[in-house]
Each structure stands twice: as structure tokens, then as C-alpha cells.
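Step one of this worksheet: look at the structure below.
Bear in mind these aren't lab numbers, they're just calculated from the coordinates by the rules spelled out. Here the structure is a predicted model, which means the values were calculated and not measured. Here the Cβ positions follow ideal geometry from the backbone for every residue, glycine too, while neighbour counts run over all protein chains shown.
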Amino acid sequence: MSISTESWAKITRGCAEIISEKELRAKLEKGRPLRIKLGVDPTAPDLHLGHYVVLRKLKAFQDAGHQIEFLIGDFTARIGDPSGRSETRPKLTAQQVWAHAKTYQEQVFRVLNQEKTHVVFNSTWLNAMGIEGIFDLQRRTSIAQMLKRADFTKRFAADQFISLLELVYPVLQGYDSVAIQADVELGGVDQKFNLLMGRELQIEHDQEPQVVMMMPLLEGLDGVKKMSKSYGNYVAFNDTANEQFGKLMSVPDSLMVKYTELLTDLDFATLQALHPREAKALLARTIVTQFHGAEAAAAAEDHFTRVFTKKEIPEQVPEFQTFRGVHKLSDLLVAASLAPSKKEAQRLLAQGGVEVDGQRKGERETIDLQAPVLVQVGKRRFVRVVPV
């Protein structure tokens with residue numbers, strides 16, 4: 001059975017690398033549902049658009065009739081994935097891992113069809129292996145093989161600490177593919193070493209090796225660093241429709257092609273035919289619709305237009321940097337030079353003269369500053385507050 005040009009284009013859209021395309025075509029042409037694996041370690045509570053890139057690819061396979069194996073690494077999360085790290089990750093408790101795993105499952109089904117998704121936990125087989133089974137698995141790899149990995153090589157050369165557990169991690173993740181007999185595994189380009197380990201271990205266990213499909217890492221709203229909550233440059237699944245739309249309207253023009261390709265099914269030529277502001281609005285509306293529906297997306301666009309366009313916000317808005325976390329608004333107004341004293345700040349708040357991202361704030365309110373916000377006092381005074 002051959003795969004149509006349209007299906008192939010949808011499945012491979014945006015992929016950075018496939019190992020290998022020939023093997024993928026051969027698997028798809030077998031005519032049976034493939035087991036498509038995505039492994040995630042629940043190390044943080046929120047998913048963002050960086051995760052959405054890979055989840056969209058899972059959805060493309062799911063729509064084509066394939067079986068999704070959404071693997072939650074509740075065992076491996078307690079070790080910590082060393083991918084792209086310059087230091088050992090902090091240890092998570094079992095309680096933290098399970099709390100995060102619960103939120104992952106709640107969020108992921110805003111993209112995937114829950115009834116057609118098989119959720120598995122790698123503690124199921126890794127706990128059962130026991131210490132002897134894990135020792136046996138480690139015999140199949142060498143220190144030399146581990147040190148070929150770029151991030152380990154850099155840290156070793158710099159005499160930085162590498163725990164023995166980190167060396168174990170890629171092997172355990174690779175064994176996950178053996179346990180579920182994956183046909184295809186998805187991941188980011190930073191996961192290449194781990195994904196290929198899965199292929200090697202499958203061959204060791206007399207299984208047909210999985211195809212590895214790697215997606216590019218998505219830069220965040222700053223246009224430089226990869227999207228991450230820790231950098232404050234993210235758009236979260238759980239952001240409100242207004243928050244998502246407003247953040248996406250701040251995407252740098254240089255990222256429009258990448259965001260369009262990785263986060264939507266839009267043809268970029270369609271966006272090129274529009275005015276740049278209209279193109280960005282279409283991109284934002286398309287993404288917000290996925291998470292909140294068309295009606296909420298339209299309302300968010302209307303809100304953005306009323307608040308940010310018709311209020312004639314100056315092109316050059318002063319920027320004030322401060323620490324990430326919870327602030328009293330009265331203190332923030334003084335620190336950002338929007339009020340001469342705390343007493344005056346409280347008066348402005350009490351009179352309804354302060355807005356944050358278009359929403360009026362009261363006298364005793366606080367703000368959890370995790371991403372840039374626009375603070376307005378009166379009709380003409382604006383400051384963009386940026387967490388660092």
C-alpha cells in the first residue's frame with residue numbers, strides 16, 4: 001500500500017531530520033497501524049507551544065489511523081534528562097513527578113484524541129526490571145559510547161560534574177522503545193542521541209528498529225532562546241485566549257515562517273499576500289482557535305484590537321526589568337517610575353487608573369510576573385515590564 005503525496009507531506013512537514021525516510025515509507029506502506037512513540041518527562045507542570053510542535057506531529061499520525069503511545073517518563077524524570085544541559089538537573093520527588101504527570105495528561109488531550117491515545121508510564125517496566133535487569137541493560141553500552149554525546153563531551157572537557165545516573169538515562173529511555181515495540185519515535189533535535197539509542201537497543205533485542213523523526217526547537221517570543229517557562233518567552237497551553245493572542249502578536253517577524261510551518265497547517269504564501277499585521281493576526285487566531293475555539297479566538301482578537309490598536313500605544317514604549325515572580329502592583333508602579341510614591345500608586349489603583357495588558361487592576365492586587373506585560377497609567381503613560 002503506497003502513501004499519498006498529501007499524507008506524506010502532512011506527516012513530514014517541518015521535520016528537521018528523519019532516520020530514515022526510506023524506512024518510514026516502508027513502514028507506512030505495510031498497511032497496518034504503526035506504534036508512534038513520544039516520551040515526555042514530567043519535570044514541570046505546564047506545556048507550551050514548544051511541546052505543541054511535536055504533539056501536532058503525533059496528531060497527524062493519529063489522524064492517519066496510527067496508534068499513539070504517549071509515554072510519561074515517571075521513572076526517568078527522577079533521574080533527569082541531560083539533553084542540552086550544562087549541569088546536572090535537580091532531583092524531583094515522586095510526588096512532584098506525579099503532580100506534573102497529572103497536568104500533562106489534562107493538557108495533552110487538548111491536541112490529541114484521548115480515546116485513541118495509549119498513555120503508558122515507564123515505571124511499569126523499569127521498576128519490574130530490578131537492579132539486575134538494569135545492570136544487564138548497562139552491559140550493552142560503554143562509557144566511550146556515552147562520551148560521544150556532545151553535551152557530555154563539553155562538560156567532561158570543562159571538568160564539570162556528570163553523575164553516573166545521567167549516563168544511565170539514555171539507555172533507560174532507549175529501552176522504553178523496546179518495551180512498547182515502537183515503530184516510530186518523535187522528539188526534538190536535542191534528543192537525537194537518546195532516540196538513536198532506542199534504535200540500537202531494539203536491534204539488540206531482535207526488533208525492527210524504530211524510525212526517528214526529529215523536530216526543530218522552537219524559539220520563544222524573544223526570537224533568540226528556545227521557548228521555555230524559565231526564560232519567560234513562552235505561550236502556555238493554559239494561557240487564556242487573550243494572553244495567547246497578545247503574546248503571539250509579539251512574535252518577531254523573523255520567526256513568522258517557522259511558527260507558521262511548525263504550529264499550523266497554513267500555507268505561508270497565504271500569509272505573504274497579507275499586510276504583515278494581518279498575517280500575524282491570522283497566525284495568532286489560528287493557534288488560539290486550537291486551544292480555545294474559534295469564538296474565543298475571535299473575541300481575543302477583538303480585545304487586542306480595542307486595547308492595543310485603538311488606544312494608540314506609542315511605537316517606542318519604555319522598558320523596565322525586574323525579578324520574576326509575585327509583585328504588589330503598588331510597589332511595581334513605584335519601581336517602574338509610574339508613580340512617585342506608594343501612597344500615590346495606591347490612589348491610582350483605587351481610582352481604576354491602572355491597567356495591565358488591558359485589564360483594569362484594583363488597589364490591593366498582585367501580579368505573578370512570568371512574561372512581559374504592558375502597564376498603563378492613565379491615558380498616555382506606558383511601561384513594558386519584563387521579568388529577568
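Relative to the longest principal Cα axis of the chain, at what angle does helix 192-204 sit, 0 to 90 degrees, rounded to 10? The two axes meet at around 20 degrees. Restricting attention to the chain, close to 45% of DSSP beta bridges with both partner residues there are antiparallel. Along the range 263-268 the Karplus relation, 6.51 cos²θ - 1.76 cosθ + 1.60 evaluated at θ = phi - 60°, assigns HN-Hα couplings of 10, 9, 9, 5, 8, 4 Hz to successive residues, with x for each Gly and Pro.
Given the alternatives (i) 68, 47, 47; (ii) 66, 57, 47; (iii) 72, 49, 38, Cα extents along the principal axes in Å as computed for this entry is given by (iii). Modelled this way, with points 7 Å down the Cα-to-C-beta line, the labels at Lys30 and Asp331 are 5.9 nm from one another. Packing order of peptides 114-120, 102-108, highest average first: 102-108, 114-120 (average count of other Cβ atoms within 10 Å over each peptide's residues).
Checking every one of the trypsin sites (Lys or Arg not before Pro) in the range 330-381 against DSSP loop status and a limit of 10 other Cβ atoms within 10 Å picks out Lys379, Arg380.
Amide hydrogen proximity for Phe320: with H placed 1.01 Å from N in the peptide plane, the residues at 5 or more positions away or on another chain lying under 5 Å are Arg384, Val385, Val386.
The chymotrypsin sites (Phe, Trp or Tyr not before Pro) of the range 139-203 that meet both conditions, a loop assignment by DSSP and at most 12 other Cβ atoms within 10 Å of the site Cβ, are Phe161. Between Ser341 and Arg360, the modelled labels are 2.6 nm apart [label points 7 Å from Cα along Cα→Cβ]. Modelled spin-label separation between Arg110 and Lys154, with each label point placed 7 Å from Cα along the Cα-to-Cβ direction: 3.1 nm. Classify the range 319-387 from the C-alpha gyration tensor, please: rounded if a/c falls under 1.5, else prolate or oblate depending on whether a/b exceeds b/c. Taking the square roots of the gyration eigenvalues as a ≥ b ≥ c, the range 319-387 is rounded.
For the chain, a Gaussian network of Cα nodes joined below 10 Å ranks Gly378, Gly14, Gly39 by mean-square fluctuation, and the top entry is Gly378.
For the range 315-384, GluC sites (Glu not before Pro) meeting the loop criterion (DSSP other than H, G, I, E, B) and having at most 10 other Cβ atoms within 10 Å: Glu315. Against the chain, whose longest principal axis comes from its Cα atoms, helix 123-138 is set at around 60 degrees.
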